[in-house]
Every structure is written in C-alpha cells, then in structure tokens.
Amino acid sequence: MNSIVISGHNGFIGSSLTSRLKKFNIIGISDKKRKKEKNVTSIVKNVNKVNNTDVKHSFQTLIHLAAVSDISFCNANPKTCYEVNVNGTNKMLEIARKNDANIIFASSSHVYGNPIKLPIKENFPLSATNPYGRSKLIIENFLQDVFISDDSWHIALLRYFNPVGAHKSGLIGEDPNGVPNNLMPYISQVATGKLEKLSVFGGDYNTPDGTGVRDYIHVVDLAKGHVKALQVLENRPQILTVNLGTGKGYSVLDMIKTFKKISGMNVPYEIVGRRPGDIASCYMDSSTAEKLLGWKAELGIDEMCKDMWRWQLSNPNGYF
Ligand code: UDP
C-alpha cells in the first residue's frame, strides 16, 4: 500500500483530505497544540500519527499543509509566520528528499496579491499584500528553485482560493482556535448566537455591493483536486501550478444572505472599515485545473453553507 505523509493532517483541510485517501497508508504529522483529532480518527482508520522529526516509514508522497494561516496573526507576528511556514517547509523538504517523494504544497490565492485582472490565471504576476501571502510566495519560489536544481522532482503547487464547507457526515469541519478570523466560521458562530454580530470589513470596494468578493470552494471539492494532483504527479517529473477554486466570486453580503437562507437563523452584521491587506475581488479562471487535472469544483455556495451549518450544529463548541 502506498504511503503518504500529510503535515497538518488534523487541520480543517487535512482532515477532509485524509478522509478521502482511505486506500493509502497515511502518516499524519500533527500539530500537538491542536487537540482536534478525535473526530478525524473516528471516521478515518488509516492514519499513523507521528511528530515532525520521526517519519521513520518510507513514503511516496508528501502533502504539506501545515502552516500558520491566520492572516491577522501573521500581520502581528511575521517572525512566527515565516518560521512556521518557510522553515517548516524546508524541514519537510529534507524528509521528502530522503524518501525521493512527490510533493503537494498547499499554496494560496494570496500569492496573486492584488490581481491585475479577473478571473485569475496561474501565469499572472505574483506579489503579496500581507506576510502570510509573502510566506507562501517565498515557498513557491523556493520549490521552483529546487526543481530548477534537479528536474527529477514531482511537485504540485496548489493555490487554494477560500476553502469552506464541511464533511457531509457533520463529523469533520473547521474549528478555528478562539474567535474565527475567516468569514464563514465567523458567520456560523453568529448564526448559533455564540458571537453577537459579524463585522463586514469594508462596504466601499469597487464590487457590485461594495463588499469583498472571493472564490469560496467546498473542502470536499478541494480534497478531490488533491487526489487528481496525486495521480497527475505520478506520470512524470514536473512542477505543476494549479488554482483550486470554483471560478465564481461571491461578496460578503451574498454569503451572509445564503447562510441565513440555509440555516433559517439571523446573522446580524455591521459594515466597518477595511481590514489591512485585504483586496476587493479575487476569483480564479478554472481552465488550467480542468486541462491539467481533469478537475472542476462541483459544489456551490448552498452546499457549502448547508454542510457548514450541519457541522456547526453537531459541534456547537467545536471538537472539545
Ligand atoms: N471578512 C469580513 N469579516 C470577517 C472576516 C472576513 O468581512 O470577520 C471578509 C474579508 O474582508 C474578505 C472575505 O470576508 O472580503 C473573506 O475573508 P477571509 O478572511 O475568510 O479570507 P481571505 O480571502 O481574506 O483569505
């Protein structure tokens, strides 16, 4: 049986992905500070958990997800952001090299900074508007250099847009530490009454309703994109760069409206000032993903909200 190392296997994306890779032996590198593995291991039995330094089994693929992804935290703590994201990748690369393993790296739409136009194609100029995006860009450049130095590597840079949603079972979802930083977990906690109201960051962007527009992608579609990338990487040595989103943009107000419709709950909000480092609009062109991976997102915002709401109701206090 093929083995795959997943760093950050117990996070939101890692746990959804792990649950789709049942035919592999998964070696999960956990963040010990996140005690959120209970539900992942209750439905996924193929995981061996290890600490960073102890990957003793040989493996064929590394899926490197582990990162600090809270943008406000990265703005306030750039040192930790670069340490975890950039140095962490360097360590993982060393382990991958020893195993001659293929690499799938979790990159982000943040590497496009403020995009020159929409929809965003993979060959657009890269830049970043915040330390989080910059850390992902540094890692992408680093992996490009690794491939230039030795073109026998098999590397995929998957640029995630805005992953949301949850596993259909209601068992696996997003459980941020403390007050959520991302829009959708914040909205769900306002809908349950755990949080009083949502602050909408900016109502004066050049978008149809003035609020920020993003390309939200269901985590199940995102996980399927990884499975496709795994297969394509097998074919030949390459460095592959692909956007993973739906190709459709929705505003903050669109997301509030849909969540209210699906949950039947009220979502009070207030429009406040813009969040530093945010951009007006970000959504992708899906043609490269279709061409290179034979993959296209299938689930829309109704399903994203429905699955998030199911997870939120089944786990009103998160995993604890
Ligand atoms: N947003 C918001 N209030 C929040 C969190 C986010 O209005 O409490 C907005 C944010 O300005 C952006 C969108 O929601 O337009 C998505 O933000 P998120 O942090 O989820 O993802 P990002 O696109 O920044 O990575």
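Residues checked against (1) surrounded by fewer than 17 Cβ atoms within 10 Å (Cβ to Cβ); (2) of a type outside the set (Val, Ile, Thr):
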| site | (1), (2) |
| --- | --- |
| 271 | yes, no |
| 282 | no, yes |
| 287 | yes, yes |
| 298 | yes, yes |
| 302 | yes, yes |
| 310 | no, yes |
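Could you please let me know if residue 36 is over 24 Å from residue 233 (Cβ atoms), at pLDDT below 95 and open to solvent by 40 Å² or more (accessible area, probe 1.4 Å)? When the stated conditions are applied, residue 36 does not pass them. Cβ-Cβ contacts under 6 Å between residues 6 or more apart (or on different chains), taken from a first residue in region 245-268 that is closer than 27 Å to residue 288 by Cα and without any contact (Cβ under 8 Å) to a residue 40 or more places away in the chain to a second residue that is among the hydrophobic types (A, V, I, L, M, F, W, C) and away from the ligand (no atom under 16 Å from the Cβ), are absent. Of the candidates 227, 200, the single residue that is at pLDDT 95 or above and touching an Asp or Glu at 6+ places or on another chain (Cβ under 8 Å) is 200. Among the residues of region 77-88, at least one is closer than 21 Å to residue 222 by Cα and modelled with pLDDT of 95 or more.
Checking each residue of region 64-81 against the condition of being hydrophobic (A, V, I, L, M, F, W, C), open to solvent by less than 10 Å² (accessible area, probe 1.4 Å), assigned to a helix (DSSP H, G or I) and touching a residue at least 40 places away in the same chain (Cβ under 8 Å) gives at least one match.
Looking across 123, 130, one residue alone is of a type in the set (S, T, N, Q) and without any contact (Cβ under 8 Å) to a residue 12 or more places away in the chain. It is 123.
Okay, residues lined up against (1) over 21 Å from residue 17 (Cβ atoms); (2) aromatic (Phe, Trp, Tyr); (3) more than 13 Å from the ligand (Cβ to nearest atom); (4) open to solvent by 60 Å² or more (accessible area, probe 1.4 Å):
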| position | (1), (2), (3), (4) |
| --- | --- |
| 182 | no, no, no, yes |
| 191 | yes, no, yes, no |
| 194 | yes, no, yes, yes |
| 205 | yes, yes, no, no |
| 210 | yes, no, no, no |
| 218 | no, no, yes, no |
| 223 | no, no, yes, no |
| 232 | no, no, yes, no |
| 236 | yes, no, yes, yes |
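Taking the criterion of being closer than 15 Å to residue 223 by Cα and not in a loop (DSSP other than H, G, I, E, B), the residues of region 139-186 that qualify are 156, 157, 158, 159, 160, 162, 163, 164. Within region 109-132, the residues that satisfy the criterion of being under 25 Å from residue 228 (Cα atoms) and buried (at least 22 other Cβ atoms within 10 Å of the Cβ) are 109, 110, 111, 112, 120.
The values are calculated or read from the model by the stated rules, or taken from the named source; none is laboratory data. Bear in mind the structure is a predicted one, so any value in this text is a computation, not a measurement. Heads up, the Cβs are rebuilt from the backbone with ideal geometry, glycines too, and the neighbour counts pull from every protein chain shown. Just the protein is used for accessible areas: all its heavy atoms, side chains included, with ligands, DNA and RNA removed. Shrake-Rupley method; radii C 1.70, N 1.55, O 1.52, S 1.80 Å.
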